[in-house]
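Working notes for the structure below.
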Amino acid sequence: MSNNTTEKVRASLQKRYFKEKVFRSIGVVAIVASLSFLVVLLGSIIYKGYPAFKASYIQLDVTLTEETLDVSADAEDSELRRANYLGAIRTALRERFPEVTKRGDKRNLYRLISSGAEYALSDFMMEDRSRFGQTHSLWLLADDEADALLKRNKDLTKPIRTGENAKNKDALITRLNTDQLGWLQSFKEAGETDVRLASTFFTNGDSREAEQAGIRAALIGSAYTLLITFVLSFPIAVAAAIYLEEFAPQNKFTDIVEVNINNLAAVPSIVFGLLGLAVFINYLQLPRSAPVVGGIVLSLMTLPTIIISSRAALKAVPPSIREAARGLGASPVQVVTHHVLPLAMPGILTGTIIGLAQALGETAPLLMIGMVAFIVDIPNSVTDPATVLPVQVFLWADAPERAFTERTSGAILVLLAFLVVMNLTAVLLRKKFERRW
Amino acid sequence: MSSAAEKAFEELKETVGRVTVDNPKMQAKNVDVFYGDKQAIFDVTCDIGKNEVIAMIGPSGCGKSTFLRCMNRMNDTIPSCRVGGDILLEGDSLYSSSVDPVMLRARVGMVFQKPNPFAKSIYDNVAYGPRIHGLANNRAELDDIVESSLQRAGLFDEVKDRLNAPGTSLSGGQQQRLCIARTIAVNPEVILMDEPCSALDPIATARIEELIDELRENYAIAIVTHSMQQAARVSQRTAYFHLGKLVEVGETKTIFTNPTHELTENYITGRFG
């Protein structure tokens, strides 16, 4: 009898081990597949996005005199600020390339320098008025098409990919013409071009000019919106979860509440946007495009996520801890605040971070409440018009200029970095709580 | 269960033996407990004397734990649970509207089946009860309470150098003694123990049993146990429960050597349970 069993077991062993092997390899394949997707995705975003963090500059000898600027040396500050800096830059360009005489050619020449350079020049002048009347060798921001070629260090002597050599893989893809490429090459040969870290990407708001567009307005807008979301949703959700889990009687009413919370988590986010538009903007007259409304709408969306995960965390606290505290004469509130909540805190924080991460990446409801506006100014408060990172990505992805493509990927990278910082904070907080208890 | 025993159970109208004592600390009078529609305890009347250990024994599901938990109203938190009859502590009803369950649990402490220290330091575990009830006026007094409670629970010498270590870092037996120290730190009048040694090895069990014997000087103790040897070792009186009814109460010696009721005898002699 026992011999029979041994034989049967031996016969089935091979089959069992085979099944285990298959199961394991399916798991490994799944992990490898998802990891490689992630690598491809991140790789392509980083590859496309990293030039957004670099900017090209062109060196010019700019003369700041009465003649070039159209103001006298003793002009008022306000007058000097509004002087003809564009003219000064154009004069400098003409002096650099005296051979350019035709009007059309001159206009093409001017296009190599960013239209934002005159404001930088104005700031440079106002920093120190004694600079008036002298010639300065200055690094000016290059225009986006020139910038694209310079920071990728392209060979500017190659042909441009147009009609006749459309199939030439080696040709340059650019909207500049051969003259402009020649002038650029001359700057490059003279060592008068430079590629630097693009601080403007982090200090500017949005702009129509790709080389001047930055993510600061969206970043600050995202931070304000998330702050409002956190301040509203965390206490409300935790209070709701504690009440439902620890105090609420089991009856029809709490059942209905529970079902509704679970349903709320599945509502498409754009519906919350419509609600925000109808209630907060049209009825309550809160400002349009403002982080305060965005925050309220996103916290409505985040609430069910935090409530559900907080309830799970509270449920996971062993009942024996509650009994022990109750047995010592702790009141129900003391049982919760002294024992249950601290033990559930890591789980609650995880849920909160998941909810906030979801809110950070949300676009659709914000479109409905006007946060899709073109925002140049950095918002100073939660009621100022603002946009958020994912909406900025959406806006830039729509722009026709090639330079916006890299900015789109750059903004995605900043968004991802924001997420990583948030998750890191959550992990650190959780570690801290776990050590204390 | 033999059919004869079954018949004996059906015919059981009244608890066999003397349910009252001369000097009661707690008195249960005609206690019925229901979970929803199901009745778990049938008309139990039993006293707990001052300075005595009463053991409650019986097969699984006989209601002994339920009965124990009625004595400090731990069953209140179970929504479907209803308690009929009355339980008195020093002559006052536990279930009258003037009694606050929080106050009651400070007077009637409880030690649970599984050691359940808080996720706090050893010191804070013991100091928790005195802190929430405001029993100590300053840090020095609290230190004294913690030290004396740990000492009476026989744990102080083992942990005095690591009072700040988490309570969960102790061994199972030490954890259970910590839970006992935590309970006596509030200085209750009665201690209820729900199978306090079922998760412990024989050596830790022996240590706890010794401790129960020492605690009897100051407290009334009711202990639920599955081990008849333990009941015989630690208690002065024993109550035998069967399917929600209190079958027999008496001096421990009598119950174990010369039980009156057939069911008790069957259980003691190991015919079922």
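The values are calculated or read from the model by the stated rules, or taken from the named source; none is laboratory data. Quantities reported herein were computed from a predicted structural model and do not represent experimental measurements. Every residue, glycine as well, gets a Cβ built from its backbone with ideal geometry; the counts of neighbours run over all protein chains shown. The protein model used for the area step is the full one, side chains on, heavy atoms only, and it has no ligands, DNA or RNA in it. Shrake-Rupley method; radii C 1.70, N 1.55, O 1.52, S 1.80 Å.
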Inset, instruction - Determine whether the stretch A:319-333 contains at least one residue that is in contact (Cβ under 8 Å) with a residue 12 or more places away in the chain, away from every other protein chain (no Cβ under 14 Å) and either farther than 21 Å from residue A:425 by Cα or surrounded by 22 or more Cβ atoms within 10 Å (Cβ to Cβ) (or both). - result: no
Legend entry - The lone exception for residue B:128 - which of (1) more than 9 Å from chain A (Cβ to nearest Cβ); (2) over 30 Å from residue B:40 (Cβ atoms); (3) in contact with a Lys or Arg (Cβ under 8 Å, 6 or more places away or on another chain) it fails: (1)
Inset, instruction - Tally the residues that are in a strand (DSSP E or B), in contact (Cβ under 8 Å) with a residue 12 or more places away in the chain and either open to solvent by 10 Å² or more (accessible area, probe 1.4 Å) or more than 19 Å from residue B:194 (Cα to Cα) (or both), restricting the search to the stretch B:22-70. - result: 13
Legend entry - Only listed residue being over 13 Å from the mean Cα position of the chain (by Cα) and either within 14 Å of chain A (Cβ to nearest Cβ) or touching a residue at least 60 places away in the same chain (Cβ under 8 Å) (or both), chosen from B:217, B:158: B:217
Legend entry - Conditions (1) at pLDDT below 90; (2) open to solvent by 50 Å² or more (accessible area, probe 1.4 Å); (3) in a loop (DSSP other than H, G, I, E, B); (4) more than 9 Å from chain A (Cβ to nearest Cβ); number of the one not met by residue B:79: (4)
Legend entry - Spans of helices (runs of 4 or more DSSP H) in the stretch A:44-155 with at least 3 residues farther than 21 Å from residue A:403 by Cβ: A:66-69, A:77-81, A:85-96, A:103-110, A:117-127
Legend entry - Criterion: away from every other protein chain (no Cβ under 14 Å) and part of a loop (DSSP other than H, G, I, E, B) - qualifying residue of A:374, A:394: A:374
Inset, instruction - List every residue pair whose Cβ atoms lie under 7 Å apart, where the two residues are 6 or more positions apart in sequence or sit on different chains, the first residue falls within the stretch A:161-172 and is touching a residue at least 12 places away in the same chain (Cβ under 8 Å), and the second residue, located anywhere, is assigned to a loop (DSSP other than H, G, I, E, B) and of a type in the set (A, V, I, L, M, F, W, C). - result: A:161/A:171; A:161/A:173
Inset, instruction - Inspect all residues belonging to the stretch A:313-326 and state whether any of them is in a helix (DSSP H, G or I), over 22 Å from residue B:110 (Cα atoms) and not small (Gly, Ala, Ser). - result: yes
Inset, instruction - Would you mind finding the one in A:367, A:343, A:413, A:429 that is touching a Gly at 6+ places or on another chain (Cβ under 7 Å), open to solvent by 50 Å² or more (accessible area, probe 1.4 Å), outside the structural domain of residue A:143 (by TED's automatic domain parsing) and in contact (Cβ under 8 Å) with a residue 40 or more places away in the chain? - result: A:367
Inset, instruction - Within the stretch A:10-61, count every residue that is open to solvent by 100 Å² or more (accessible area, probe 1.4 Å) and either under 30 Å from residue A:139 (Cα atoms) or among the small types (Gly, Ala, Ser) (or both). - result: 3
Inset, instruction - Spot the failing condition for residue B:117; the list is (1) out of contact with any Ser or Thr (no Cβ under 8 Å at 6 or more places or on another chain); (2) within 14 Å of chain A (Cβ to nearest Cβ), and only one is missed. - result: (1)
Legend entry - Condition check for residue B:207: under 30 Å from residue B:118 (Cβ atoms), of a type in the set (Lys, Arg) and open to solvent by 10 Å² or more (accessible area, probe 1.4 Å): yes
Inset, instruction - Please work out if residue A:259 is over 30 Å from the mean Cα position of the chain (by Cα), within 14 Å of another protein chain (Cβ to nearest Cβ) and not basic (Lys, Arg). - result: no
Inset, instruction - For residue B:234, work out the one condition from (1) open to solvent by 10 Å² or more (accessible area, probe 1.4 Å); (2) modelled with pLDDT of 85 or more it doesn't fulfil. - result: (1)
